[in-house]
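Following: one structure in structure tokens, then a few remarks.
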Amino acid sequence: MAETGNSSESPPEAKKSKAKTSRKPKESASSLKQKSPAEFFAENKNIAGFDNPGKSLYTTVRELVENSLDSAESISELPVVEITIPMNFISVIVAKRLAKEARAQEIQAKNISLGKKGKEPQPTRVIKGRGEASFYRVTCKDNGRGMPHEDIPNMFGRVLSGTKYGLKQTRGKFGLGAKMALIWSKMSTGLPIEISSSMKGQNYLSFCRLDIDIHRNIPHVHAHEKQDNKERWHGAEIQVVIEGNWTTYRSKILHYMRQMAVITPYAQFLFKFVSDASDKTVTIRFARRTDVMPSVPLETKHHPSSVDLLLIKRLIAETSKQNLLQFLQHEFVNIGKSYAERLIGEMGPDFSPKMAVKSLTSQQIVRIRQLFRQAKFDDPSGDCLSPAGEYNLRLGIIKELHPDMVATYSGSAQVFEGHPFIVEAGVSVGGKAVKQGLNIFRFANRIPLLFEQGADVVTRTALKRINWNSYKINQTQDKIGVFVSIVSTKIPFKGTGKEYIGDDITEIASAVKSAIQQCCVQLKSKIVKKMQAREQQERKRNLSKYIPDVTGALYDVLKGMAQSHASKKKRFEAEDAELLGKVSARLVTKETLMEKLAQHVEQVDYEMALEYATQSGVSEEPRESIFLQSLEADDCYVDLHNPAFVFRLFR
């Protein structure tokens, strides 16, 4: 019976074992999975600058501010940006519960799409060890272009969709903008983002409340409606509640705002951090200093030396041109008709100007790419770029740092790997809130770079490739500000966070060095003149200090000579005798000599100072306050630009 029992139980076990082994191939076959862009960035949020709550707060502020500036500049409107960060009043427990629910919903939606069944997945455990979490409602309001009503959900709720993906100079690093802030909000609080927007001339205001379906990369709209716009306001106002850490990243956020005010002196910023404790509340206004704005960056075409096979194939798929000759002429820069015909002739017998561009085979596309690498093309121009401008850079440095002296330089457009770039630099000496030694400020496409400074091309050039002593600048004791701004259609960032520019690109490294040196040459002449003026002042002080002693000694000598002349022991003639007679008659006294010597010292000092002022272009006229009349909206004028000033001619 025991054997029978064992034999009767063995088949189910074998069946069970067989069933287990049969599932393995099925699981292996279904192991190929796909992730949405939103899911990828949610899992790798450090790539976009959301490493931790503190940096997430900083990155959120940065992305919203840069979007606001782009929006205002796109319609040539002087930017007005307001950032408010009050600590949110939702409790930590509620926020964590909302975040857990949001994560659980995402996991459940993912399981349903994969066809899995079973119990509801457990929510992710909250990470401990970071201290008590804090939550902030970040609000950013601007006076920019605004957004079309229908496009708002996709502009915020669909990752890798936007208006900055053409070949042009842009502030964005990944094209994520506020989308990543929304993803972080979804992960940390579960609360939706709120957007209010209106375009110029619209009589309604678009309001949208949404979050994002991370697994499917689509917006989840809670509310989307049109409201009255009685004030005819245009721009956007974005509110998002996120987990953050103001304490650890306070200095970084304020440093970012200050540097942004340096590179955009034509913008007005108002930053408010509101805390329950009044002594911890921060309000800073960065006033506008000028109304001269850089030109709007222009979208350009690709340079033949900068394209690869995938890009050529994409251009072929998207082009509206029919034949190869038209394709080469209109889809690339610096290829005219005659040069395009010459290129086609060098491609071989399989190519002709009239052949359909859509019919090109993979081998033919490879041949085009090879020819692009071998042929010589003119460098692309920098007309599509929009640097801050030497005038704005100088104005921003003076406005924020108040240096003793400053020099700026803007280089001409240069090229690396087929992409044009322009380097602008400024070097200042002295100023407030500036530490001794080198203080380096880096900008890429007119946005500040605050992290990973040590590996950046600007830092390495300033520290190792500039001989500051040769320009009369003490690298360790003087307060030196080094400002370098690089603009390009492609910034060669290094690292996953895109926080610095490597010094391995020779063209950029040499352009940065040359720009800093040009500034130093200007400063050297100013410093030398200042040293000469200081030496003159020192000579004056020394002469004035010895006037009493020299006067006493000189008067004693004259008095002795007068006595000798009167007693006829020694005779003096003409002017000498007249002077000695005045000494004997006490018409010339010690006080008289002292007064004459003091006047002589003053006269010599005045002549030297006048010569110095003439050389340095400083007027000797007294300075008076000048009040300029404010401009009206209908004023017509023409701006004549100079590195140091803008001359405005009214019509």
### Message
Filter segment 527-553 down to the residues that are aliphatic (A, V, I, L, M), surrounded by 13 or more Cβ atoms within 10 Å (Cβ to Cβ) and closer than 24 Å to Glu591 by Cα and list them by number.
### Response
Leu543, Ile547, Val550
### Query
Say we look at segment 271-308 and pick out the residues that are more than 27 Å from the chain's Cα centre (by Cα) and open to solvent by 70 Å² or more (accessible area, probe 1.4 Å); which of these is nearest to Thr170 (Cα to Cα)?
Asp308
### Query
When segment 387-441 is examined, which residues are found to be surrounded by fewer than 20 Cβ atoms within 10 Å (Cβ to Cβ), assigned to a loop (DSSP other than H, G, I, E, B) and either under 17 Å from the mean Cα position of the chain (by Cα) or of a type in the set (A, V, I, L, M) (or both)?
Ala413, Ala433, Val434
### Task
Return only the number of the condition from (1) under 37 Å from the mean Cα position of the chain (by Cα); (2) not in a helix (DSSP H, G or I) that Leu311 does not satisfy.
(2)
### Task
Confirm whether Arg446 is surrounded by 22 or more Cβ atoms within 10 Å (Cβ to Cβ) and on the phi > 0 side of the Ramachandran plot.
yes
### Task
Considering each of Val262, Val357 in turn, give the residue that is open to solvent by less than 50 Å² (accessible area, probe 1.4 Å), under 30 Å from Val434 (Cβ atoms) and of a type in the set (Val, Ile, Thr).
Val262
#### Entry: Residue check for Phe40: at pLDDT below 60, open to solvent by 40 Å² or more (accessible area, probe 1.4 Å), out of contact with any helix residue (DSSP H, G or I) (no Cβ under 7 Å at 6 or more places or on another chain) and hydrophobic (A, V, I, L, M, F, W, C)
no
### Query
Which residues, counting only those in segment 212-253, are assigned to a helix (DSSP H, G or I) and open to solvent by 30 Å² or more (accessible area, probe 1.4 Å)?
Thr247, Thr248, Tyr249, Arg250, Ser251, Lys252
### Given (1) in contact with a Leu (Cβ under 6 Å, 6 or more places away or on another chain); (2) part of a helix (DSSP H, G or I); (3) modelled with pLDDT under 80, number of the condition Val638 does not satisfy
(2)
### Query
What are the residues in segment 365-376 that are in contact (Cβ under 8 Å) with a residue 24 or more places away in the chain and either within 31 Å of the chain's Cα centre (by Cα) or open to solvent by 60 Å² or more (accessible area, probe 1.4 Å) (or both), if any?
Arg373
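Considering only residues that are in a loop (DSSP other than H, G, I, E, B) and farther than 30 Å from Lys168 by Cβ, which ones fall in segment 323-352?
Passing the criteria: Gly348, Pro349, Asp350, Phe351, Ser352.
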### Query
Within the set of pairs 6+ apart or on separate chains, which have a first residue in segment 524-538 that is closer than 23 Å to Ile480 by Cβ, a second that is open to solvent by 80 Å² or more (accessible area, probe 1.4 Å) and not in a helix (DSSP H, G or I), and C-beta atoms under 8 Å apart?
Lys524/Lys472; Ile527/Lys472; Val528/Lys472; Met531/Lys472
### Task
For segment 459-474, state whether one or more residues are under 26 Å from Leu69 (Cβ atoms) and open to solvent by less than 10 Å² (accessible area, probe 1.4 Å).
yes
### Message
Quick check on my filter: what residues within segment 449-487 are among the small types (Gly, Ala, Ser) and either at positive phi or touching an Asp or Glu at 6+ places or on another chain (Cβ under 6 Å) (or both)?
### Response
Ser485
### Task
Residue by residue through segment 147-161, note down the ones that are under 13 Å from His220 (Cβ atoms), open to solvent by 20 Å² or more (accessible area, probe 1.4 Å) and assigned to a helix (DSSP H, G or I).
Asn154
### Task
Any residue in segment 336-364 that's under 22 Å from Phe377 (Cβ atoms) and in contact (Cβ under 8 Å) with a residue 40 or more places away in the chain: show its pairings with residues that are among the charged types (D, E, K, R) and open to solvent by 40 Å² or more (accessible area, probe 1.4 Å) at Cβ separation under 8 Å, as long as the two are six or more apart or on different chains.
Val357/Lys321
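The values are calculated or read from the model by the stated rules, or taken from the named source; none is laboratory data. Being a predicted model, the structure only gives us computed values, none of them experimental. Counting neighbours? That spans all protein chains shown, and the Cβs are built from the backbone with ideal geometry, glycine included. Keep in mind that these areas ignore ligands, DNA and RNA; they rest on the heavy atoms of the full protein, side chains included. Shrake-Rupley method; radii C 1.70, N 1.55, O 1.52, S 1.80 Å.
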